Amino acid sequence: MKSTLFSFFTGLTFIFGLPCVSQSAILDKFKLPNRSIEVKKEVPIAQLSLKQKLQLLEKKQNGKTDHFIFDLPVTYNPKVSQWITFFQSRGKNFFRDWLEKSNKYMPTIQGQLKAAGLPTDLAYMVMIESGFSATAVSSSQAVGPWQFIGSTGKTYGLRQTHWLDERRDLSKSTQAAVKYLTDLHAEFGSWYLVAASYNMGEGGLRRRIKKYGTSDYWELVNRNALPQETQDYVPKILAAMMIAKAPNLYGFRDLEHASPLNTEVVLAPSGVDIDLLADHLNVTRKSLRDLNAQLTAGYIPRTVPGFTIRVPAGSSLLAKDYFRVHDKKFLLD
C-alpha cells in the first residue's frame, strides 16, 4: 500500500506544473509514445479505507476543505499517467472545453446514475465518448452523448426514425446507458471490464477473457489481449476523472463553467418547427435545437399527433400559448 501511495504522489509531482466528429475518435488519432509500457498492478485508491481516501484526496482551497471522493476504483499507473499528461499538453484545449461544459450536463447524467444505484463517476464515460456532444457521430455511426450504435440503442429502447433519434437525447440515452451498464456489470462484475465491453462489445470481451484465461483488465492490457482503443479507454476515463475532480491541481484554472441545464417539458402538437418556436420564445434557434437534438429534422411531422419537447425553464406557458394561438402556422408544407 505504501508503494501505491508513493507512486500516486510521485505521479502528481511529475505532472504538476506542466504546460498546461466524436471526441473518442479525436483522441484515437493521437499516438502516445511507449505504447508497450507494462502496467504495474497497484491497489486501487477506492479500495483504501474512507479515512485514508480523505487523507489522500482532500485539499484546502479558499479557507475550506474540499473532498475529492471517487466511487469507481482508481488505479494510478503509467497508462493513466500518459493520458493525464496528454490532457495537460496536446489535448489541453479540448479538455478545458469538456471541463467547462461538464457542469451543464453532469447533474442530469450523474443524477440518473445515482438513482439507479450505479457509480456516478461512470458519467466520465460521456466526456471521453463524445465530449458531451449530442450530435457526435463516430466512424462506426455511433451517435449521441453515450455513442450508441443503432442496434444497441434499439435494444435499450432508443427510437430511431427519419425525424427522431433518441440516441441524441441526453436524458433518454442516459436511461438506456444505465440499463446497458447494469447488464454489463451483472455479467462481468468489474467496472473496468464494463467500460472495456462498452467500448469493444461484450461478445469480443467474452472471447478475449476465455482465450487468455483472465478477467483482470490490466492483465489483459499487459498481454495485449485487447484492441488498442480499449487498452486506452479505461486509462482515459480514469485520467479525465482525476483531473475533473481537482482541475486546479492539474493546471486547469479560471474555468468558465456553463450553467446546469434548467428546462421544462411541454407537449408540442404536430408540425411544430423548433426554429419558429425559438423565435417566439426569444431564445436562439441553436439553443432550442440543442435542447431537442433528438429532432434530427428540427420539426415534428404532421403524422405525429404530439411530442414532448424541452424549453428553457419559465418558458412552458409561453410555448403553450403559442401552440394555441398559432397552431396552423406550425403545419409544414
Exercise. Length gain on complete extension for the stretch Asp321 to Glu219, per 0.36 nm per residue less the alpha carbon to alpha carbon distance?
Worked result: 30.7 nm
Exercise. All other residues with a Cβ under 11 Å from the Cβ of Val194 taken together, and with Lys, Arg as +1 and Asp, Glu as -1, what is their net charge?
Worked result: -3
Exercise. In what sequence do Thr308, Thr120 fall when counting other Cβ within 10 Å, fewest first?
Worked result: Thr308, Thr120
Problem set entry | Packing-based exposure ordering (other Cβ within 10 Å, fewest first) of Ser140, Ser259, Ser130, Ser81 | Ser259, Ser140, Ser81, Ser130
Exercise. From the cross-link list Lys179/Lys320; Lys104/Lys172; Lys101/Lys286; Lys211/Lys236, which pairs have alpha carbons spaced over 22 Å apart?
Worked result: Lys179/Lys320; Lys211/Lys236
Problem set entry | Order of Val272, Val265, Val221 - criterion: other Cβ atoms within 10 Å of each residue's Cβ, fewest first | Val265, Val221, Val272
Exercise. So which trypsin sites (Lys or Arg not before Pro) in the stretch 202-276 end up in coil per DSSP with only 14 or fewer other C-beta atoms within 10 Å?
Worked result: Arg223, Arg253
Exercise. Which loop-located GluC sites (Glu not before Pro) does the stretch 216-299 contain, where loop means any DSSP state but H, G, I, E or B and the Cβ has at most 10 other Cβ atoms within 10 Å?
Worked result: Glu256
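Read the figures in this text as sums done on the coordinates, not as results from a lab. Since we're looking at a predicted model, the values are computed, not measured. Neighbour counts run over all protein chains shown; Cβ positions are idealised from the backbone, glycine included.
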